[in-house]
Amino acid sequence: MFYALRCSARHVARALALSAAGGVMVAVGAGFLTVAAWILLATSYDTLTAAAVIGAVYTGVGLILLGLAGRRSHRHHYHSPPPVDPTAHLVAQLAEGFLTGLRAGRRSKL
């Protein structure tokens, strides 16, 4: 149970970090492309047409992204936990017995 939770948390953290970095890069690129589109449209047409075209493009892309964000993926890929060694419990009991004997030996006054 904890392994799946850890795996899921690691996946979310990685996705969040990559999304943040990607978002910053897309925002910078969109800024430069907007300025380039404005210059191109303002020289070819008037500024009102340039503003309308750029606004329509941003609105269309925004609506598409909102539609994609609402979709849910039903596929979850969890890795199975590593196999447990059947002798691990016995080794733990042996180590615990050794340490208990060691403590008892230190406490005894001979």
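I want to confirm something. Restricting to the stretch 57-97 and keeping residues that are of a type in the set (V, I, T) and part of a loop (DSSP other than H, G, I, E, B), which single residue is modelled with the highest pLDDT?
Here the residue is T87.
Say whether the condition of being in contact with a helix residue (DSSP H, G or I) (Cβ under 6 Å, 6 or more places away or on another chain) and among the hydroxyl-bearing types (S, T, Y) is met by at least one residue in the stretch 66-78.
Checking the stretch 66-78: at least one residue is in contact with a helix residue (DSSP H, G or I) (Cβ under 6 Å, 6 or more places away or on another chain) and among the hydroxyl-bearing types (S, T, Y).
Out of V84, V61, which single residue is β-branched (V, I, T) and surrounded by 10 or more Cβ atoms within 10 Å (Cβ to Cβ)?
The unique qualifying residue is V61.
Could you please tell me which pairs satisfy a Cβ distance under 8 Å, a separation of 6+ or placement on different chains, a first residue in the stretch 51-63 that is of a type in the set (V, I, T), and a second residue that is in a helix (DSSP H, G or I)?
Sorted first by the residue in the stretch 51-63, then by its partner, the pairs are V53/A37; V53/L41; I54/T34; I54/A37; I54/W38; I54/L41; V57/A37.
How many of the residues making up the stretch 1-50 are under 22 Å from P82 (Cα atoms) and not aromatic (F, W, Y)?
12
Is it true that some residue in the stretch 19-33 is over 30 Å from F2 (Cβ atoms), of a type in the set (S, T, Y) and not in a loop (DSSP other than H, G, I, E, B)?
no
Can you confirm whether the stretch 41-58 contains a residue that is of a type in the set (F, W, Y), surrounded by 10 or more Cβ atoms within 10 Å (Cβ to Cβ) and over 28 Å from the mean Cα position of the chain (by Cα)?
yes
Take the residues in the stretch 1-40 that are closer than 25 Å to H79 by Cα and among the aromatic types (F, W, Y), then tell me which one is surrounded by the fewest Cβ atoms within 10 Å (Cβ to Cβ).
Filtering first and then ranking leaves F2.
The values are calculated or read from the model by the stated rules, or taken from the named source; none is laboratory data. On a predicted model such as this, the values are computed, not experimentally measured, just so you know. Neighbour counts are summed over all protein chains in view; Cβ atoms, including those assigned to glycine, are modelled from backbone coordinates with ideal geometry.
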